[in-house]
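The values are calculated or read from the model by the stated rules, or taken from the named source; none is laboratory data. Note that the structure is predicted; figures quoted are calculated from it, not measured. Cβ placement follows ideal geometry from the backbone for every residue including glycine, while neighbour counts extend to all protein chains displayed. Remember, those area values only see protein heavy atoms, side chains included, never the ligands or the DNA or RNA. Shrake-Rupley method; radii C 1.70, N 1.55, O 1.52, S 1.80 Å.
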Amino acid sequence: MLDALDKKLLRTVADLEGIPKGAYNIRKNGKLLARDVSANINIETNADGTGIIVTIKPGTVNESVHIPVILSQAGLYDVVYNNFIIGEGSDVTIIAGCGIHCGGLEPEGHAGIHEFQVGRKAKVTYVEKHFATGPGRGRRTLNPTTKVFLAEGAQAEMELTQIGGVDEANRVNEAILGPNSVLLITERVMTEGEQTAVSRNEIVLSGENSRANMVSRSVMKGDSKQNFYATMDAQAKCFGHIECDAIIIDNGTNETIPALKAKHPDAELTHEASIGKIASDQLTKLMSLGLTYDEAVNRIIQGFLK
Amino acid sequence: MLELKDLFFSVPVTDGNGGTSMRTIINGVNFAFEKGKFYAVTGPNGSGKTTLAKLIMGINPITSGEILFDGNNITGLSITERAKAGISYSFQQPARFKGITFRDLLAIAAGTDDEATLLALLRRVGICSLSFLDQPVDTKLSGGEIKKIELATTIARSPKLAIYDEPDTGIDLWTIGPMVKLLKRERDENHTTTVVVSHNRAFLEAADIVLLMNQGQLAYMGQLEGALPLLTDLSICNYKACGSIDDVRCFR
Ligand SMILES: Nc1ncnc2c1ncn2[C@@H]1O[C@H](COP(=O)(O)OP(=O)(O)OP(=O)(O)O)[C@@H](O)[C@H]1O
Ligand SMILES: [Mg+2]
């Protein structure tokens, strides 16, 4: 059922060697390829057939769901709406990812619109990797949107990674945080050649004592371009931090605009931002340990995006 | 094993009127380091100690002169090539990274990520806490911690020539003695030619030979006793606020 190419894409975006254990939903070229549910995790196609609804029973702990998407059909632009309903007090990991293999001249793309309702005191870890490959010159596009609603005391940890090969990416992350909830987003994007990537983040801290931390790491190689926008909108006593670092290699360009809005007198918001080449003292140190210039550059980027 | 011949290093500086002139920072250094000996380099702040060390490692390009290492002219070699030839340098101000741990640096330095080898290295440099290995080498490390990591990565190279640039800055009182012992042991067991840049008497006393730098030149080379009168004079000059220009002791 899975051919060699499918397996390679799955391994890259979801660290999977074939069909996963536990609940999963694998989508290939816009269609369901395989699905399984577990006692606590249900997956069903939504009413209009445009995506899935993943429902996690309250109190489910130490379980995971894999929902990878693979694309290898020329000319296809696959749009999918997925909903995740995470029951009270549960603690689960969701592994999503999209792998594109482009064999021809026609463009291929995927837009995943993911909405999370995280119940009271529930914790979700969401891991998403994007990757494109293949000999074809067709344009590869990935436009993911994530919307997160955190109920009281809920926690979401999101790791969003774009590893390489994606020509154009427009990402939107939105979150609304309830009282005592915690949101951690780490985004890592590497672009090269003529690629472009834009990330827009709107985080609303609406509940008292909510906390959000957004970390962005960007590497621009070749003539690629990345823009990063993040807004923390504090509407209660809360804590928010944005940390965005961009490394420019070759002729890459970057625009980074963090915005802090305190609409409550007890809001605490901070940001750190930096754009620049690799620090020369880091390169010098690694070369003095025997690495060549290129090896040192690669090692520093590998760590930076880790 | 290391020979410095007529080393000069100058940099362009802009003067008050927007013009540029050359400033000579290393001003004719000649010296031959012998294999397996322990050297301490001292001298006032800004006298050129770090600059000289960086010329040897290839971090700064020399303006004129020659450097011979084990009989080979290494003047034109890159940092990487000098590292591979057996020169290692502990920075006075070590680099801090994002996403690179002590383990990563040690593995790069040792050329292997084998756990047993790394643990043996920790023991060799006297770091008892194993959890320290997975510390990120970032801005959160304390000044003393990063200096210990810096020293460990230098030793992990098992170099023929090890240069430590003020290894004791930020190091607590209890660690300086063991650090001196460690560097002596490296010299004795591995015949590492050891050069320590320091203002600390513990290193000066441990050294076979003391080199005193002043204004880009070697003002003294020999036993510590012989250097003491000069050191005293230099300290007088350094701490005198706006000393009168005709104080001859400052210009010897
Ligand atoms: N690349 C450079 N460009 C301009 N000036 C430099 C450069 N490198 C060093 N200098 C200057 O040369 C002088 C010597 O610096 P160096 O760092 O070698 O001193 P040092 O002896 O190591 O001092 P310390 O004891 O404070 O470490 C200083 O005045 C410094 O500002
Ligand atoms: Mg110095």
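Below is a table of values for the structure above.
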| quantity | calculated |
| --- | --- |
| Flag for A:Ile67 being within 23 Å of A:Thr186 (Cα to Cα), part of a strand (DSSP E or B) and at pLDDT below 95 | yes |
| Among the candidates B:Asn45, B:Asn72, residue that is open to solvent by 70 Å² or more (accessible area, probe 1.4 Å) and within 16 Å of ligand 2 (Cβ to nearest atom) | B:Asn45 |
| Residue selected from region B:74-93 under the condition at the interface with chain A (Cβ under 7 Å from one of its Cβ atoms) and outside any strand (DSSP E or B), by the criterion nearest to B:Leu183 (Cα to Cα) | B:Phe91 |
| Residue in region B:94-106 that is nearest to the other protein chains (Cβ to nearest Cβ), counting only those that are more than 16 Å from ligand 2 (Cβ to nearest atom) and surrounded by fewer than 21 Cβ atoms within 10 Å (Cβ to Cβ) | B:Gly99 |
| Residues satisfying the stated conditions in region B:158-171, i.e. open to solvent by 60 Å² or more (accessible area, probe 1.4 Å) and more than 16 Å from ligand 2 (Cβ to nearest atom) | B:Ser158, B:Lys160 |
| Residue among A:Gly49, A:Gly59 that alone is over 17 Å from A:Phe116 (Cα atoms) and not hydrophobic (A, V, I, L, M, F, W, C) | A:Gly49 |
| Failed item, numbered, when B:Glu66 is tested on (1) facing chain A (nearest Cβ under 10 Å); (2) in contact with a strand residue (DSSP E or B) (Cβ under 8 Å, 6 or more places away or on another chain) | (1) |
| Whichever residue in region A:276-292 is under 25 Å from A:Gln162 (Cα atoms) and in a helix (DSSP H, G or I) and, among such residues, is nearest to the other protein chains (Cβ to nearest Cβ) | A:Gln282 |
| Residue check, B:Asn27 within 18 Å of B:Ile67 (Cα to Cα), more than 9 Å from ligand 1 (Cβ to nearest atom) and either part of a strand (DSSP E or B) or away from chain A (no Cβ under 14 Å) (or both) | yes |
| Test: B:Glu81 is farther than 22 Å from B:Arg187 by Cα, modelled with pLDDT of 95 or more and either open to solvent by 70 Å² or more (accessible area, probe 1.4 Å) or more than 16 Å from ligand 1 (Cβ to nearest atom) (or both) | yes |
| Qualifying residue in region B:110-121 (condition: within 14 Å of chain A (Cβ to nearest Cβ), of a type in the set (D, E, K, R) and either touching a strand residue (DSSP E or B) at 6+ places or on another chain (Cβ under 8 Å) or assigned to a strand (DSSP E or B) (or both)) | no |
| Counted residues, region A:15-64 - those being assigned to a strand (DSSP E or B) and not β-branched (Val, Ile, Thr) | 16 |
